[in-house]
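Read through the structure below, which is laid out as structure tokens, and then see the notes.
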Amino acid sequence: MQYQAAAAEAWGYVAAARGATMDALERVERLASESAVVIFSVSSCCMCHAVKRLFCGMGVSPTVVELDEDPRGKEMERALSRLLGAGSAPAVPVVFIGGKLVGAMDRVMAAHINGTLVPLLKEAGALWL
């Protein structure tokens with residue numbers, strides 16, 4: 001009997017954790033769709049700072065979600081990590097343009113270097129060149 005109670009409690013915890021992840025994913029998707037450019041960041045992350053500077057330097061005003069300043073930031077960071085398929089790699093920065101996932105710093109920089117970033121920004125209405 002005691003085993004069953006412990007198992008039920010453990011499964012309840014797993015279901016609650018799964019629900020929290022789904023809520024976090026829904027919140028990420030909602031935030032990502034509210035602005036032309038959304039950056040999920042951690043305020044002390046140098047790569048996050050670099051990607052924010054990149055967009056600001058291009059004349060884009062991104063919406064920045066600082067996960068370390070949000071009470072549910074850790075849950076959102078786990079959801080972002082799942083979206084990226086990142087195992088142990090850091091989940092930030094993560095960039096959405098026009099509500100679509102662009103990816104982490106490597107994808108953003110690749111798009112910038114190969115010339116596909118500006119058209120994405122124009123299409124999303126974030127840049128008027």
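The values are calculated or read from the model by the stated rules, or taken from the named source; none is laboratory data. Quick caveat, the model's predicted, so the values are computed rather than measured. Cβ coordinates were reconstructed from backbone atoms using ideal geometry, including for glycine residues, and neighbour counts include every protein chain displayed. What goes into the accessible areas is simple: the full protein's heavy atoms, side chains included, and nothing from ligands, DNA or RNA. Shrake-Rupley method; radii C 1.70, N 1.55, O 1.52, S 1.80 Å.
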Starting from segment 54-68, keep only residues that are farther than 20 Å from Asp106 by Cα, then list their pairs with residues that are open to solvent by 50 Å² or more (accessible area, probe 1.4 Å) and aromatic (Phe, Trp, Tyr) whose Cβ atoms are within a distance under 9 Å, requiring at least 6 positions of separation or different chains.
-> Gly59/Trp128
Filter result for Glu29 (among the acidic types (Asp, Glu) and open to solvent by 80 Å² or more (accessible area, probe 1.4 Å)) = yes
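In the set Val65, Val60, Val38, which member is surrounded by 12 or more Cβ atoms within 10 Å (Cβ to Cβ), modelled with pLDDT of 95 or more and assigned to a loop (DSSP other than H, G, I, E, B)?
Answer to the check: Val60.
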Members of segment 69-91 that are open to solvent by 40 Å² or more (accessible area, probe 1.4 Å), assigned to a helix (DSSP H, G or I) and within 15 Å of Ala24 (Cβ to Cβ) | Lys74, Glu75, Glu77, Arg78, Arg82, Leu83, Leu84
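Output the residue which, of all residues in segment 32-53 that are among the small types (Gly, Ala, Ser) and in contact (Cβ under 8 Å) with a residue 40 or more places away in the chain, is farthest from Val118 (Cα to Cα). Give the steps one after another, and end with the answer.
Of the residues in segment 32-53, the ones among the small types (Gly, Ala, Ser) are 32-33, 35-36, 41, 43-44, 50.
Filter once more, keeping what is in contact (Cβ under 8 Å) with a residue 40 or more places away in the chain: 32-33, 36, 41, 50.
Working: Ala32: 18, Ser33: 19, Ala36: 13, Ser41: 21, Ala50: 17 Å.
Residue satisfying both the conditions and the ranking: Ser41.
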Sort out which residues of segment 92-129 are under 17 Å from Ala36 (Cα atoms), open to solvent by 40 Å² or more (accessible area, probe 1.4 Å) and outside any helix (DSSP H, G or I), and write them in order of number.
-> Gly98, Lys100, Leu101, Thr116, Trp128, Leu129
